[in-house]
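Below is one structure, written out as C-alpha cells; the observations come after it.
None of the figures in this text is laboratory data; all of them are computed from the coordinates on show. Predicted, not measured: the structure shown is a model, and the values here were computed from it. Every residue, glycine as well, gets a Cβ built from its backbone with ideal geometry; the counts of neighbours run over all protein chains shown.
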Amino acid sequence: MSEPGLWRDAERRLRSNRAAAISVFVLLAFAIAALAGPWLSPHRYDEIDWRALAIAPTLHDAHWLGTDQLGRDLLVRTLYGMRTSLLIALLASAVSLCIGVTWGAVAGYAGGRVDNAMMRFVDILYSLPYIFFVIILTVLFGRNIFLLFIAIGAVGWLTMARIVRGQTLSLRRREFIEAALALGVPPRRIIRRHIVPNVAGPVIVYATLLVPQMILFESFLSFLGLGVQEPLASLGSLIADGASTMESAPWMLVVPATVLVALLACLNFIGDGLRDALDPRQPG
C-alpha cells in the first residue's frame, strides 16, 4: 500500500462511500463547534446563573439547551465536554499508536526469543483489568487531565502491537527486506523505512477505530468519577450528572448522550470506510 496509485485509489473508494463521506463532514462540524462554540457563546462553561437553575431548553438568556442544577449553560458545557473528550481520545490514541507500532514492529522483526518475551509481556498486560491500572495511577499521582492521557494511552496499545507484529512477521520474509539486509542496512533503519510504511494501512484503519474506544473509556472513567474533575467537563462527566437527574431534568442526560452517540457513529463509519478503501480486494 505504499505506492501512490494505490493511495489514490483508496481515496477514491473512500469518497464513494456515502456514509463515511457524510461522517467526515459531520465530525469536522463537531470539531469546529467544539473549538469555536464556547468562544462565541455569551456564557462560560463554569459560569453560574442563579436565576436559571436546571431550566429546560429555552430562548431565554440564550440557554438554548437548558442549564444544569447549578445554572450553567448546557450547550457550552457540552461543547466544552466534547472538546475535552476528543482531545483526550486523540492524544491517548497517539500515545497508543507510538507505543504499539514500535513494540509490534520490533517484536515481529526481531523474532525468536525477543519476540516471545515481548509478546508474553503484552499477554500479561492483557490479563490486568484496565480500570485497576487507572485507579492505581490515580492513587499514586493524583487526579489530573495529563495523567488521564497517559493512563488511557498506556493501556490502549496492546491490540495495535499485535496487529503490527503480525504484519511485520509476513513482511520480513519479503524480497525487499532481504535485499536491504544484503546491503547491510541496520535493523533500526529497516524498521523505520520499510516495515512501518508498509503497515500504514492497517494502522490507519485501527487508529480510526481506536479513537471511539478511547472516548468510551474516558467517558466510563468520568462517569465513575475517576476522569475529568469539576469545573472541567467531558461527555462522560456530563452524562454522569444527567443520569442522577434524568427524572427531573432529562435534557441534562439527553444532550450529552446524543452528542456522544453521534460522535461514536461518525468515527465508526469512517473506520469502516477506511477499512474498505484500503482493502484492494474490494470491488470498485
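Below, the figures for the structure above:
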{"item": "Inter-site label distance for Leu87 and Phe121 at 7 Å from Cα along Cβ, in nm", "result": "3.2"}
{"item": "Dipole magnitude (debye, nearest 20) for the range 91-203, charges at Cβ of Lys, Arg, Asp, Glu", "result": "200"}
{"item": "Residue range of the chain that is longest and free of chymotrypsin sites (Phe, Trp or Tyr not before Pro) which are both DSSP loop and sparsely packed (at most 16 other C-beta within 10 Å)", "result": "65-284"}
{"item": "At 0.692 mPa s and 37 °C, Stokes diffusion of the chain via Kirkwood alpha-carbon radius, µm² per second", "result": "156"}
{"item": "Isotropically averaged projected area of the range 91-203, using the convex hull of Cα atoms (one quarter of hull area), nm²", "result": "7.7"}
{"item": "Rh by Kirkwood over Cα pairs, then Stokes-Einstein D for the range 1-72 at 1.567 mPa s and 4 °C, µm²/s", "result": "84"}
{"item": "Relative contact order [Cα under 8 Å, 6+ residues apart], the chain, whole percent", "result": "27"}
{"item": "C-alpha long axis of helix 130-141 to longest principal axis of the chain, angle in °", "result": "70"}
{"item": "Karplus (6.51, -1.76, 1.60) ³J(HN,Hα), θ = phi - 60°, over the range 213-228, in Hz, Gly and Pro reported as x", "result": "5, 5, 4, 5, 5, 5, 5, 5, 5, 5, 4, 7, x, 9, x, 5"}
{"item": "Diffusion constant of the range 28-115 at 25 °C, which comes from Stokes-Einstein with the Kirkwood Cα-pair radius and 0.890 mPa s, µm²/s", "result": "157"}
{"item": "With Cα atoms, 0 to 90° folded angle of helix 18-40 axis to the chain main axis", "result": "50"}
